[in-house]
1. Taking a ≥ b ≥ c as the square roots of the Cα gyration tensor eigenvalues, with a/c under 1.5 meaning rounded and otherwise prolate when a/b beats b/c, else oblate, which class fits the range 67-124?
2. Return one number: the angle in degrees, 0 to 90 and rounded to the nearest 10, between the long axis of the Cα atoms of helix 2-31 and the longest principal axis of the Cα atoms of the chain.
3. For the peptides 8-15, 46-53, 259-266, 63-70, what is the packing order when you average, over each peptide's residues, the other Cβ atoms within 10 Å and list the highest mean first?
4. Which FRET efficiency value, to the nearest 0.05, do you get for residue 232 and residue 169 by plugging their Cβ-Cβ distance into 1/(1 + (r/R0)^6) with R0 = 45 Å?
5. Apply the Debye scattering formula to the range 98-214, with a single equal point scatterer on each alpha-carbon and no solvent, then give log10 I(q)/I(0) at q = 0.09, 0.12, 0.19 Å⁻¹.
6. Give the order of 237, 228, 281 when sorted by the count of other beta carbons within 10 angstrom, beginning with the fewest.
7. Listed highest first by mean packing, meaning other Cβ atoms within 10 Å per residue, what order do 239-252, 98-111 come in?
8. Considering every pair of different Cα atoms, what Kirkwood radius, in Å, is found for the range 153-281?
């Protein structure tokens, strides 16, 4: 659901932004509005963003190989990071440059009705794009707040598209206000200030997305809810004396690695331990379906304070 929903939201946003970018560039060429130029670059950057996100989703499906034994699932994080840092920053810096330049060298606004019309139509189209992103995000958001969803989502595409659309609507509102004030007052300074505000907005969004995607690139573990499910699944096995410790890591938005050291009775035979491990893997996958890569190390638990500070590992290679 998350992958298909992400793709649907990305395509909707890409088509909307491409059409909007073309209209904005045409209107800017006729009217000379710097706010409209900043918004045109913003929409063009957003279109590039969506192309990169689609590319990341495609590359992430490549099969594992010797060089990448855990697959390419984290490619989606890499492309999301590129989107958040490079394209948003480029769009933001360009808008800042254009706005400051127009403040220093004012430019008269021509045919004001054209940029106003384009901005209004763009807001309607962006609202539809945002509606699609919200609807698809609700499938996986659950009861989380929107801030929590953006911060903790493991699939980066939907949070990126959501923030893109919110930033786009806010930027359009800023450009609209700048153009209207320029028309009312006859002072092109307001149009230039609108462009500067758009640039600041894009840079702020780039920082937020950069921080969140960086965390995914570094490596995040399972949520506390999933960790509890995995722990309960392991401890439910009759032959398990205790779960000594466990670590989890997202290999991609839809693939979780689980590594656990589990204490078994010393009297168990090798074949029985191997069978128990296979049963544990099945239990864990049933409890958390995205736990696709599981490594369980059998061990002997040594209680603290018995004079031995370590455990003696029993190395067993169980069949998958």
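1. Oblate.
2. On a 0 to 90 degree scale, this one is about 20.
3. On the way: 8-15: 20.8, 46-53: 23.5, 259-266: 17.6, 63-70: 9.2.
Averaged packing, sorted descending, gives the order 46-53, 8-15, 259-266, 63-70.
4. 0.55
5. -0.32, -0.53, -0.97
6. 228, 237, 281
7. Descending mean neighbour count gives 239-252, 98-111.
8. Radius from the Kirkwood sum: 19.2 Å.
Since every read-out is calculated from the coordinates, none of them should be taken as a lab result. This is a predicted model, so every value here is computed, not measured. Positions of Cβ are generated from backbone atoms using ideal geometry, with glycine treated the same way; all protein chains shown enter the neighbour counts.
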